[in-house]
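See below for the structure under consideration.
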Amino acid sequence: MSEEPIIHCSGVHKWFDEFHALRGIDMDVYEGEVIVIFGPSGSGKSTFIRTINRLEEHQQGDISVDGIELSHDVRNIELIRMETGMVFQQFNLFPHLSVIQNITLAPIWVRNWPKEKAEDKAMELLTLVGIPEQALKFPGNLSGGQQQRVAIARALAMEPKIMLFDEPTSALDPEMIKEVLDAMIDLAKSGMTMIVVTHEMGFAREVADRMYFFDEGLIVETGTPDEIYNNPQEDRTKLFLSQILQH
Amino acid sequence: MAIKEMEQDIVRPPQPPGLVKWIKENLFSSVFNSILTVLLFPTILYLLYLVIIWVLFGANWKAVSQFPLLFAIGQYPRDQIWRVGFVFSGFMFMLGISWGRWSGLLRSIALAAGSFLLLIAVLPVQNPQLDMTMRIYLGSTILITLVGYLIGNKTRLKNAFIIAGWFVIPIVGVVLLAGFENSERIPVVHTTLWGGLLVTFLLAAGGIVLSFPLGVALAFGRRSSLPVVSGFSTVFIEGIRGVPLVTLLFMFSIILALFLPVESRIDRLVRALMAVTVFSAAYSAENIRGGLQAVPLGQIEAAKALGMGNFKTTVFIVLPQALRAVLPAIAGQFIALFKDTTLVVIIGINDFLGIGRSIINSDPEFVQMRTEVYIFMAVVYWIFSYMMSLASRRIESTMGIESNL
């Protein structure tokens, strides 16, 4: 990988009041890579992924996305947000808008696309995630798995270069996890750059290029899925893996 | 074939009980309830009978039926009455267009208003104020409404034009009612002559339309991170809410007049409208602020993550959800505002209630009929308040079905 990283983070620190949530995170992500971040709750993994599109502000260190430096400049922040799609644990679909309106809202009003173009794109994406027939329904009438797939389509509609997933399957019933993971696997195989916070180890094994283990605001260990699963170096990684893989 | 089989397989919910069963379960479920039913049922019927007898034969409705125009428009010069008629027809025309375009709630309102006009137009009574000209006017207004309906339904008039019409008509209406200086044909009619339902509607509708955006602005202002903005909004809201409406009306009508030079004095009716507006805005602001707080943070984050700025996030995500959450409270607020407009009587404005009172006081004969007059006015206020309440429930349920939140 000779080219520049699409996401470059170095020395990222973040405090919530006195609490030191991120204690110097360095990470470079290259185009087309799938990164899986895992770790115990409170380890800072969600906080870190949210600093990349400035839903959380970091107080120290550098983050740049696709060559755009993340600073206090509002224009830069909005540019980066247009380049990065995000999928949340709680879906966060807009309940007062239909599925198709959820997906077309940002392309129409942020990218200034004509309505027809946005709707064509939306239907294409809904077909991709397997629920084109739900286009006119409202989020409240969909199952959790369907809602999360709409959320993926909504993020993709902005044609982002990077997709961030913040525990996308944690709020789902077990039988719905697979449909969401399948959509994410398809996306990963299509060459999208992805950073995924998840404990779905099967997903990680199948598509992750690299995995990062977070604990107490630090990267404890990093490696390919094979290295992490079969030959973890750190005791904390071993302990955590034994805990989540027991079931 | 297959569908029929499927329908047979569906386990149906228990059916609601029939009438006899309902009566048994609700009115005669125990000995005590049966006794209550047996005692109360004739009592209620008897009371109802008394009311009907009084309305039809006991009461003297002369004080009401003699002055329909007075109740409607107050002392507005009778030779200029065409201006009121023109404005009213204008509104009915817009209502017709909107009915044709959007149906739903507007259809109910248009049909109710139309049938009411029709009823009056063909009412078989002798009344000097309900002469042939008036009946023809009412009939043609119904026709205008229907023409509006056809335009709204059959033509491809842009929605934006219809909405613009709703903004233009009230402005044109007020200007036309007020008249122009030095005009022969449309002379100035001073607002001291305006009265009746005309003034009640003007204050209520004006108060609602003006206080709503002001309330939204104050709600956002109070949540603002800029200390000056949030400080001003908080002081404004708490200041207004801490004062009775009567006091505000006095302040605006007397104190405001004292401080301004005579030539730049604001019209009396406008001052009353300002008082009503700020009062309602302060209360709306707190309702709306409650709604803003109810919007989950995740909604705002989702909008931001899509690259939407603060303004777009507010307009498309936060405000629609906040307003939907507080619609019942705001509707209640507006109904209260409609009824509160009666307080303008104390600063000498003859709204609907004021006209009733001045009729009663105008003649010893009418003093005897004050019960009838007050009951008539109560019924009119009730009808409009109830219509507003129905409208809010209809809006709520359409929103509910669409979202299932």
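When residues of segment A:150-161 are filtered for being within 9 Å of another protein chain (Cβ to nearest Cβ), of a type in the set (A, V, I, L, M) and touching a helix residue (DSSP H, G or I) at 6+ places or on another chain (Cβ under 6 Å), how many remain?
Within segment A:150-161, residues that are within 9 Å of another protein chain (Cβ to nearest Cβ), of a type in the set (A, V, I, L, M) and touching a helix residue (DSSP H, G or I) at 6+ places or on another chain (Cβ under 6 Å) number 2.
Are there helices (runs of 4 or more DSSP H) fully within segment B:260-370 with at least 2 residues that are within 14 Å of another protein chain (Cβ to nearest Cβ) and of a type outside the set (A, V, I, L, M, F, W, C)? List them. Write out each step before concluding.
On the way: elements: B:268-294, B:297-305, B:310-313, B:319-340, B:352-362, B:364-367.
Those helices (runs of 4 or more DSSP H) span B:297-305, B:310-313, B:319-340.
Identify, by number, the condition in (1) away from chain B (no Cβ under 14 Å); (2) open to solvent by less than 50 Å² (accessible area, probe 1.4 Å) that A:Leu164 doesn't meet.
(1)
So B:Ala281 ticks every box in (1) under 28 Å from B:Leu249 (Cα atoms); (2) at pLDDT 95 or above; (3) open to solvent by 10 Å² or more (accessible area, probe 1.4 Å) but one. Which box is left unticked?
Here B:Ala281 meets the rest and fails (3).
Would you be able to tell me the number of residues in segment A:46-87 that are in a loop (DSSP other than H, G, I, E, B), under 20 Å from A:Met192 (Cα atoms) and open to solvent by 10 Å² or more (accessible area, probe 1.4 Å)?
2
Would you please name the residue that is surrounded by the most Cβ atoms within 10 Å (Cβ to Cβ), looking only at residues in segment A:142-159 that are part of a helix (DSSP H, G or I) and of a type in the set (A, V, I, L, M)? Can you show your working first?
Within segment A:142-159, the subset part of a helix (DSSP H, G or I) is A:144-156.
Keeping just the survivors that are of a type in the set (A, V, I, L, M) gives A:150-153, A:155-156.
On the way: A:Val150: 26, A:Ala151: 26, A:Ile152: 24, A:Ala153: 29, A:Ala155: 24, A:Leu156: 22.
So, considering only residues that are part of a helix (DSSP H, G or I) and of a type in the set (A, V, I, L, M), the one surrounded by the most Cβ atoms within 10 Å (Cβ to Cβ) is A:Ala153.
What number of residues within segment A:167-179 are open to solvent by less than 60 Å² (accessible area, probe 1.4 Å) and assigned to a loop (DSSP other than H, G, I, E, B)?
The qualifying residues number 5.
As an exercise: evaluate A:Lys45 against (1) of a type in the set (D, E, K, R); (2) in contact (Cβ under 8 Å) with a residue 40 or more places away in the chain; (3) more than 22 Å from B:Leu297 (Cα to Cα) and give the number of the one condition it does not meet.
Evaluating A:Lys45 over (1) of a type in the set (D, E, K, R); (2) in contact (Cβ under 8 Å) with a residue 40 or more places away in the chain; (3) more than 22 Å from B:Leu297 (Cα to Cα) leaves (3) as the failure.
I'm trying to understand the selection: among the residues of segment A:115-141, which are within 14 Å of another protein chain (Cβ to nearest Cβ) and loosely packed, with under 13 Cβ neighbours inside 10 Å?
A:Leu136
List pairs: first in segment B:80-92 and over 15 Å from B:Trp194 (Cβ atoms) and of a type in the set (Asp, Glu), second open to solvent by 20 Å² or more (accessible area, probe 1.4 Å) and not in a helix (DSSP H, G or I), Cβ under 6 Å, 6+ apart or cross-chain?
Close Cβ pairs satisfying both conditions: none exist.
For residues in segment A:52-69 being of a type in the set (A, V, I, L, M) and within 14 Å of chain B (Cβ to nearest Cβ), which is nearest to the chain's Cα centre (by Cα)?
The residue in question is A:Ile52.
Which residue, of B:Phe259, B:Phe180, is at pLDDT below 90 and more than 30 Å from B:Ile73 (Cα to Cα)?
B:Phe259
Do we have A:Ser64 as farther than 26 Å from A:Ile6 by Cβ and among the small types (Gly, Ala, Ser) here?
So A:Ser64 fails the test.
Could you check segment B:296-311 and list, in sequence order, the residues that are surrounded by fewer than 18 Cβ atoms within 10 Å (Cβ to Cβ) and either within 32 Å of the chain's Cα centre (by Cα) or closer than 20 Å to A:Val150 by Cα (or both)? Spell out how you get there, then give the answer.
The first filter runs over segment B:296-311 and keeps only residues surrounded by fewer than 18 Cβ atoms within 10 Å (Cβ to Cβ), leaving B:296-298, B:309-311.
B:Pro296, B:Leu297, B:Gly298, B:Phe311 - these are the residues of segment B:296-311 that are surrounded by fewer than 18 Cβ atoms within 10 Å (Cβ to Cβ) and either within 32 Å of the chain's Cα centre (by Cα) or closer than 20 Å to A:Val150 by Cα (or both).
Just one of (1) without any contact (Cβ under 8 Å) to a residue 12 or more places away in the chain; (2) over 28 Å from the mean Cα position of the chain (by Cα); (3) open to solvent by less than 60 Å² (accessible area, probe 1.4 Å) trips up B:Ile52, so point out which.
(3)
For segment B:315-336, state whether one or more residues are touching a Lys or Arg at 6+ places or on another chain (Cβ under 7 Å) and buried (at least 17 other Cβ atoms within 10 Å of the Cβ).
Checking segment B:315-336: not a single residue is touching a Lys or Arg at 6+ places or on another chain (Cβ under 7 Å) and buried (at least 17 other Cβ atoms within 10 Å of the Cβ).
Among (1) out of contact with any strand residue (DSSP E or B) (no Cβ under 8 Å at 6 or more places or on another chain); (2) within 14 Å of chain B (Cβ to nearest Cβ); (3) closer than 24 Å to B:Gly298 by Cβ; (4) part of a loop (DSSP other than H, G, I, E, B), there is one condition A:Asn112 misses while meeting the rest; what is its number?
In the conditions (1) out of contact with any strand residue (DSSP E or B) (no Cβ under 8 Å at 6 or more places or on another chain); (2) within 14 Å of chain B (Cβ to nearest Cβ); (3) closer than 24 Å to B:Gly298 by Cβ; (4) part of a loop (DSSP other than H, G, I, E, B), A:Asn112 misses (3) alone.
Could you please find all residues in segment A:71-94 being farther than 24 Å from B:Ala322 by Cβ, without any contact (Cβ under 8 Å) to a residue 12 or more places away in the chain and within 9 Å of chain B (Cβ to nearest Cβ)?
If the condition is that a residue be farther than 24 Å from B:Ala322 by Cβ, without any contact (Cβ under 8 Å) to a residue 12 or more places away in the chain and within 9 Å of chain B (Cβ to nearest Cβ), then A:Leu79 is the only one that fits.
Would you check which residues across segment A:95-105 are within 8 Å of chain B (Cβ to nearest Cβ) and at pLDDT 95 or above and list them?
A:Leu105
Which one is surrounded by the most Cβ atoms within 10 Å (Cβ to Cβ), of the residues in segment A:88-103 that are of a type in the set (S, T, N, Q) and within 20 Å of the chain's Cα centre (by Cα)?
A:Asn102
The values are calculated or read from the model by the stated rules, or taken from the named source; none is laboratory data. None of these values were measured; they are calculated from a predicted model. FYI the Cβ positions are ideal-geometry reconstructions off the backbone, even for glycines, and counts take in every protein chain you see. Note: accessible area is taken over every heavy atom of the protein model, side chains too, but ligands, DNA and RNA are not part of it. Shrake-Rupley method; radii C 1.70, N 1.55, O 1.52, S 1.80 Å.
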